[in-house]
1. Report, please, the projected area of the protein assembly as shown averaged over directions, based on the convex hull of its C-alpha atoms, in nm².
2. Roughly how many Å² is the accessible area per residue of the stretch A:50-112, as a whole number, for a 1.4 Å probe?
3. Counting only C-alpha contacts under 8 Å and six or more residues apart, can you give the relative contact order of the stretch A:1-85 as a whole percent?
4. In square angstrom, rounded to the nearest 10, how much accessible surface does B:THR13 have for a 1.4 Å probe?
5. In whole percent, and with a 1.4 Å probe on the protein chains, what portion of the accessible area of the protein assembly as shown is carbon and sulfur?
6. Which entries of A:LYS45/B:LYS57; A:LYS42/A:LYS79; A:LYS109/B:LYS14; A:LYS2/B:LYS71 show an alpha-carbon separation above 29 angstrom in the structure shown?
7. What number, in percent, do you get for the relative contact order of chain B if the mean sequence gap of Cα pairs under 8 Å and at least 6 apart is divided by its residue count?
8. Counting only trypsin sites (Lys or Arg not before Pro) that are in a DSSP loop and have at most 15 other C-beta atoms within 10 Å, tell me the longest site-free stretch of chain A.
Amino acid sequence: RKEVEQDPGPFNVPEGATVAFNCTYSNSASQSFFWYRQDCRKEPKLLMSVYSSGNEDGRFTAQLNRASQYISLLIRDSKLSDSATYLCVVPRSGSGAGSYQLTFGKGTKLSVIP
Amino acid sequence: DTGVSQDPRHKITKRGQNVTFRCDPISEHNRLYWYRQTLGQGPEFLTYFQNEAQLEKSRLLSDRFSAERPKGSFSTLEIQRTEQGDSAMYLCASSLGPTDTQYFGPGTRLTVL
């Protein structure tokens, strides 16, 4: 299994639709997870952090299933402004003490259509 | 603007030339990271600094790449003898501490002809 693997996409959905992305990870020791959003030709920005079973922020819900090693992101009532690439991110410890680096999935592209 | 800044935003160079990028992290952020992102891929970790100390380098960072953070503030990433495969977006991120949120700069897009 790859370190972080995401749905291939792209997802083209109409405004108002509910869309869900899945992400699987290989490191069973991982404790925290993130979803970053990246607009076209822009930098990634943190969307949500997931530390326990899940997290909800308005229209966005992230869920974590440790037994199956997957994380999901649910977007309800999609807006045109939600169009972006969503990156699943799993931190991992590197070789040195205190080392902490982010491992990104390839991302899933979402296009919300009027 | 108190976010992470990077300079230049775009760089076009010919194969074999050397290039240097600069990153200014958020003030007081001790950790500074460099990532590389190619089309259709997520960012890949290259290296990171804790203050002025470079603590880890990815195996992606060949001998042609060198990074510095001389005073624990801004950082530079130099690529010597550029190759076409070096064409990518080079992203810098900073965080207050090891496990704190990483904030990304706008990136430097490198094109090697």
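The values are calculated or read from the model by the stated rules, or taken from the named source; none is laboratory data. All values derive from a computational prediction rather than experimental measurement. In this analysis, Cβ positions are derived from the backbone assuming ideal geometry, glycine residues included, and neighbour counts consider all displayed protein chains. The area values use the complete protein model at the heavy-atom level, side chains included, leaving out ligands, DNA and RNA. Shrake-Rupley method; radii C 1.70, N 1.55, O 1.52, S 1.80 Å.
1. On the way: hull surface 51.2 nm².
If I average the Cα hull's projected area over directions, I get 12.8 nm².
2. Details: 2740 Å² over 63 residues.
Averaged over the residues of the stretch A:50-112, the accessible area is 43 Å².
3. 33 percent
4. Near enough 10 Å² of accessible area.
5. 46 percent
6. Details: A:LYS45/B:LYS57 23 Å; A:LYS42/A:LYS79 19 Å; A:LYS109/B:LYS14 32 Å; A:LYS2/B:LYS71 37 Å.
Over 29 Å Cα-Cα: A:LYS109/B:LYS14; A:LYS2/B:LYS71.
7. Answer for chain B is 37 percent.
8. Working: sites that count: A:ARG1, A:LYS2, A:ARG41, A:LYS42, A:ARG59, A:ARG66, A:ARG76, A:LYS79.
Within chain A, the longest run free of exposed trypsin sites (Lys or Arg not before Pro) spans A:3-40.
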